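Taking it in order: structure first as structure tokens, then the write-up.
What follows is calculated from the coordinates using simple rules that are stated; it is not laboratory data. Computed from a predicted structure; not experimentally measured. Every residue, glycine as well, gets a Cβ built from its backbone with ideal geometry; the counts of neighbours run over all protein chains shown.
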Amino acid sequence: MPAPDASSAATQLSVIADTVDRQRERVASIAEPFLGTDREDVVTTVHEAERQLLMASRALQRAIKTLA
């Protein structure tokens, strides 16, 4: 069995991390219209989703560094 290609895996993870970052920004922008309204529940849950995506992005960046 051939050795796994670390460079290819790092490239794929980098593309995925970029996508996650873009989606995180999109998610964050959804909460903005609800700030200061009676729908703070929406803001809270959307911000939680944004934080989870940030954590995923950081984990992907750590995996990329591990492959370097």
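Details
- ³J(HN,Hα) computed for each position of segment 38-54 - Karplus, 6.51 cos²θ - 1.76 cosθ + 1.60, integer Hz, glycine/proline x: 7, 10, 5, 4, 5, 4, 4, 6, 5, 5, 5, 4, 4, 4, 5, 5, 4
- Cβ-defined net charge surrounding residue 40, 14 Å radius [Lys, Arg +1; Asp, Glu -1]: -3
- Build a GNM of the chain with springs between Cα atoms under 10 Å apart, and of 53, 13, 35 the one that fluctuates most is 35.
- Calculated P(r) over Cα pairs in 5 Å bins from 0, in percent (choose from (i) 4, 21, 18, 15, 12, 9, 8, 5, 4, 2, 2, 0; (ii) 3, 18, 21, 15, 13, 10, 8, 6, 4, 2, 1, 0; (iii) 3, 18, 30, 26, 13, 7, 3, 1, 0), label: (ii)
- The phi-based Karplus calculation (6.51 cos²θ - 1.76 cosθ + 1.60; θ = phi - 60°) puts the 3J(HN,Hα) values of segment 9-17 at 4, 5, 5, 4, 5, 5, 4, 5, 4 Hz, whole numbers, x for Gly and Pro.
- Dipole axis of the chain (+1 Lys, Arg; -1 Asp, Glu on Cβ), positive-most option in 43, 30, 16: 16
- Relative contact order (%) - criterion: Cα under 8 Å, at least six apart; region: the chain: 50 percent
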